[in-house]
Amino acid sequence: MTTRTHSPIDPGSPAYWRDRQRAFRLIREADLALQRQAEAPQYLHGGYDEDGDVIAIENLAPEDDLIAAIRAIEADPTAVGILAAQGRTHIGWCAVDAVIRDLDGTARFAEDPARNPLWGPDTD
């Protein structure tokens, strides 16, 4: 008897397509957060000090939004699978650690002698 550790994929089911749409929406939201972060001003005007100089406040909200979007992707296995299939380990400057771990495991599988019967002591 074969036991499965993953759920079967039924690409004709509405649940499958809802899951895919949600995953692509998460990826798109991260891409848009990256764009907003690139276009946002680095500093905000915080008023004036007693000498009349401008008090600059660093604008961290767009960066926080991007990091939150990346964390949402990392929490969704379908989004991680999509990015891994595309080979996208980063969104902008921000690494997607779950995708890196997924690709790292896949890359090691081919080189692992215990799992790959074509890899043996007499091969390079």
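For the range 14-20, 3J(HN,Hα) computed residue by residue from phi via the Karplus equation (6.51, -1.76, 1.60; θ = phi - 60°) reads x, 5, 4, 6, 5, 5, 5 Hz, glycine and proline entered as x. Dipole magnitude for the range 7-57: computed about the Cα centre from +1 point charges on Lys and Arg Cβ and -1 point charges on Asp and Glu Cβ, it is near 740 debye. Note on R25 and Y43: their simple-model spin labels are 3.9 nm apart, each label 7 Å out from Cα toward Cβ. Taking 0.36 nm per residue of separation and subtracting the Cα-Cα distance, full extension of the segment from A56 to D97 would add 11.5 nm.
The charge dipole of the range 56-102, taken about the Cα centre with unit charges on the Cβ atoms of Lys, Arg (+1) and Asp, Glu (-1), comes to about 220 debye, rounded to the nearest 20. Descending by average beta-carbon neighbour count within 10 Å, the peptides 27-38, 49-60 line up as 27-38, 49-60, the highest first. Summing Lys and Arg as +1 and Asp and Glu as -1 over all other residues whose Cβ lies under 13 Å from the Cβ of G46 gives a net charge of -3.
With the simple model of a label 7 Å out from the Cα in the direction of the Cβ, Y16 to R36 spans 3.3 nm. What's the local net charge at A75, with K and R +1, D and E -1, over the other residues with C-beta under 12 Å away? Taking every Cβ under 12 Å from that of A75, the sum is -1. Charges were assigned to the Cβ only: +1 to each Lys and Arg, -1 to each Asp and Glu. The resulting dipole of the range 24-103 about its Cα centre is roughly 740 debye.
Here, each number is a calculation from the coordinates, and none is a lab measurement. Keep in mind that this is a model prediction, so the values were computed, not measured. Quick reminder, even Gly has a Cβ in these numbers, built from the backbone with ideal geometry, and neighbours come from all protein chains shown.
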